[in-house]
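K.L.:
I'd like to ask some things about the structure below.
The values are calculated or read from the model by the stated rules, or taken from the named source; none is laboratory data. A quick note: this is a predicted structure, and the numbers were derived from the prediction, not measured. Positions of Cβ are generated from backbone atoms using ideal geometry, with glycine treated the same way; all protein chains shown enter the neighbour counts. The protein model used for the area step is the full one, side chains on, heavy atoms only, and it has no ligands, DNA or RNA in it. Shrake-Rupley method; radii C 1.70, N 1.55, O 1.52, S 1.80 Å.
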Amino acid sequence: MSKLVDISLSHWDARASPAQQETALQALEDGRVIVLPDLAFPLQKEEYPLLNGTAGSAKNISWDPARGVRGQGDAHDAALLAALMQRYAHHTRSLLASLLPRYLPHLQQGKGSFRPVEVAGRVTSWRKDDTRLHIDSFPSSPTQGRRILRVFTNIHPRDAPRVWKLGAPFEQVAQHFLPLAKRPQPVLAALLHRLHVTKSRRTPYDHYMLQLHDAMKADLAYQAQVEQQTHAFAPGQTWIVFSDAVSHAALRGQHALEQTWLLPVGAMAAPDKSPLAILERQLRRPLAWRSG
Ligand SMILES: O=C(O)CCC(=O)C(=O)O
Ligand SMILES: [Fe+2]
């Protein structure tokens, strides 16, 4: 079965049909990636210089509405980038509103990012190396069980695709790596929060998700042997994924935008398909407090 599902919408505020909404909800909750092959994010004329590689060497330039951009080159770029990221966030919200109306009242805005650096050949630690298959888990921003829903757009000005690998379903990832995971230490979680290493307290769920993220990336035999398929997202394409459950890796590509949305598990059509529910079943205990 393909891990990708195409939905054809060519405007960020296009109205999705009930059939497209049903397809989108099922696909995402089943761990597939929704591709919008005709949904581009046009840049404005003054924004094109941002694609000229002047924007520093950070892997990502991250943006959050309260704090602005971080990691950019100079102040001029900062104002341009903030406006661009704001516009992108707004567009992704319109898209999700139309395609996933069920989620809309529950979506919480996370960070956005601009990714100007070529992925292939980038030097990083193994833990930050997104060319290795992994599920997303944020070390300093615990989700406490909430889903990580991300929208990406390839904005390369010419023809470079963003190439991803997609790996095994979350259930299998958890079966493979949970037996090796360390147990959570509540005292450590409290300390990390008190020292502001984490923005809120890591729940046992956050602990196990980080363990899975790290164990997957550290295991080169697993990386080589696990089922995987490669997919190229062309410039002018957008895709949506629950990146906490879909094993993914970015192999190459330059110039993408990404916006993160957080979703309480209770807002899903099938909360039992959440990583929280899957980990709780496998470990036979509750791992986070339930909210909203
Ligand atoms: O930049 C990308 O295409 C995805 C990288 C990734 O895996 C991530 O940001 O979590
Ligand atoms: Fe990732």
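K.L.:
Assigning unit charges at the beta carbon (Lys, Arg +1; Asp, Glu -1) and nothing else, what dipole magnitude in debye, to the nearest 20, does region 174-292 show about its Cα centre?
P.N.:
Working: 13 positive and 8 negative charges, 106 e Å.
For this selection, approximately 520 debye.
K.L.:
With +1 on each Lys and Arg Cβ and -1 on each Asp and Glu Cβ, how big is the dipole of region 25-144 about its Cα centre, in debye rounded to the nearest 20? Mind showing how you got there, number by number?
P.N.:
Details: 14 positive and 12 negative charges, 49 e Å.
Roughly 240 debye for region 25-144.
K.L.:
If you average the C-alpha positions of region 179-227 and of region 257-286 separately, how far apart do those two centres end up, in angstrom?
P.N.:
The distance from the Cα centre of region 179-227 to that of region 257-286 comes to 16 Å.
K.L.:
Calculate, for Arg102 and Asp64, the FRET efficiency according to 1/(1 + (r/R0)^6) with r their C-beta to C-beta distance and R0 22 Å; round to the nearest 0.05. Before the final figure, lay out each step's value.
P.N.:
Numbers: r = 25 Å, r/R0 = 1.14.
The formula returns an efficiency of 0.30 here.
K.L.:
Name the long-range amide H neighbours of Gln237: under 5 Å, sequence gap of 5 or more, or other chain; modelled H, no Pro or chain starts.
P.N.:
Answer set, sorted by chain and number: Asn154.
K.L.:
Using θ = phi - 60° and the Karplus form 6.51 cos²θ - 1.76 cosθ + 1.60, what ³J(HN,Hα) does each residue of region 89-97 get, whole Hz, x for Gly and Pro?
P.N.:
Taking θ as phi minus 60°, the curve returns 4, 4, 5, 5, 5, 4, 4, 5, 4 Hz for region 89-97.
K.L.:
Please work out the Cα convex hull volume for region 1-51 and give it in Å³ per residue.
P.N.:
Numbers: hull volume 5.3 nm³, N = 51.
Output value, Cα hull per residue: 104 Å³.
K.L.:
Something else: So what is the relative contact order for the chain, in percent, with contacts set as C-alpha pairs under 8 Å and at least six apart?
P.N.:
30 percent
K.L.:
Counting only residues 5 or more places away or on other chains, whose amide H sits under 5 Å from the amide H of Thr203 once H atoms are built in the peptide plane?
P.N.:
Result for Thr203 returns Gln144.
K.L.:
How long are the three semi-axes of the equivalent ellipsoid of region 37-192, in whole Å, if each is the root of 5 times an eigenvalue of the C-alpha gyration tensor, listed from largest down? Provide the component values of the computation, followed by the final result.
P.N.:
Values: eigenvalues 172, 81, 68 Å².
The answer is 29, 20, 18 Å, longest axis first.
K.L.:
Something else: What is the Cα coordinate range of region 143-183 on the first, second and third principal axes, sorted by size from largest, in whole angstrom?
P.N.:
Sorted largest first, the three principal extents are 47, 22, 16 Å.
K.L.:
Still on this structure: Say R0 is 25 Å: what FRET efficiency, to the nearest 0.05, do Leu178 and Ala221 get from their beta-carbon distance?
P.N.:
Details: r = 18 Å, r/R0 = 0.70.
Efficiency computed from Cβ-Cβ geometry: 0.90.
K.L.:
Another question about this same structure. Hey, can you find the accessible area per residue of region 76-183 for me, probe 1.4 Å, expressed in square angstrom?
P.N.:
On the way: 4640 Å² over 108 residues.
For region 76-183, the per-residue accessible area is 43 Å².
K.L.:
Give the angle, between 0 and 90 degrees and rounded to the nearest 10, that separates the Cα long axis of helix 204-218 from the longest principal axis of the Cα atoms of the chain.
P.N.:
The helix 204-218 is inclined about 70 degrees to the chain.
K.L.:
In debye, nearest 20, what is the charge dipole magnitude of the chain about its Cα centre with +1 on Lys and Arg Cβ and -1 on Asp and Glu Cβ, if you could check? Please report the intermediate quantities before stating the final value.
P.N.:
On the way: 35 positive and 25 negative charges, 189 e Å.
That gives the chain a dipole magnitude of about 900 debye.
K.L.:
Does the chain come out rounded, prolate or oblate, given a ≥ b ≥ c as the square roots of the eigenvalues of its C-alpha gyration tensor, rounded meaning a/c under 1.5 and, failing that, prolate meaning a/b above b/c? Walk me through the numbers on the way to the answer.
P.N.:
On the way: a/c = 1.43, a/b = 1.28, b/c = 1.12.
Rounded.
K.L.:
Ok, one more. Counting only GluC sites (Glu not before Pro) that are in a DSSP loop and have at most 14 other C-beta atoms within 10 Å, tell me the longest site-free stretch of the chain.
P.N.:
Numbers: sites that count: Glu118, Glu227.
Result, exposed sites excluded: 1-117.
K.L.:
At Tyr48 and Leu188, where each label point lies 7 Å from the Cα along Cα→Cβ, what is the point-to-point distance in nanometres?
P.N.:
Between Tyr48 and Leu188, the simple spin-label model gives 5.1 nm.
K.L.:
Got a sec to turn the phi values of region 222-234 into Karplus ³J(HN,Hα) couplings, 6.51 cos²θ - 1.76 cosθ + 1.60 with θ = phi - 60°, whole Hz, x for Gly and Pro?
P.N.:
Rounded to whole hertz, the list is 4, 4, 6, 9, 5, 4, 7, 10, 9, 9, 9, 9, 6.
K.L.:
Evaluate E = 1/(1 + (r/R0)^6) for Ser17 and Ala270, where r is the Cβ-Cβ distance and R0 equals 30 Å; express this FRET efficiency to the nearest 0.05. Walk me through the intermediate numbers first.
P.N.:
On the way: r = 21 Å, r/R0 = 0.71.
Efficiency for this residue pair is about 0.90.
K.L.:
Tell me the carbon and sulfur percent of the accessible area for region 180-261, rounded to whole percent, probe radius 1.4 Å.
P.N.:
Working: 2080 of 3620 Å².
Its accessible area is 58 percent carbon and sulfur atoms.
K.L.:
How many angstrom lie between the C-alpha centres of region 126-143 and region 3-26?
P.N.:
28 Å
K.L.:
Please tell me which of these pairs span more than 31 angstrom C-alpha to C-alpha: Lys45/Lys111; Lys45/Lys199; Lys111/Lys182; Lys45/Lys128; Lys3/Lys45? Write down the numbers at each step before the final one.
P.N.:
Working: Lys45/Lys111 25 Å; Lys45/Lys199 37 Å; Lys111/Lys182 29 Å; Lys45/Lys128 33 Å; Lys3/Lys45 36 Å.
Check vs 31 Å cut-off fails for Lys45/Lys199; Lys45/Lys128; Lys3/Lys45.
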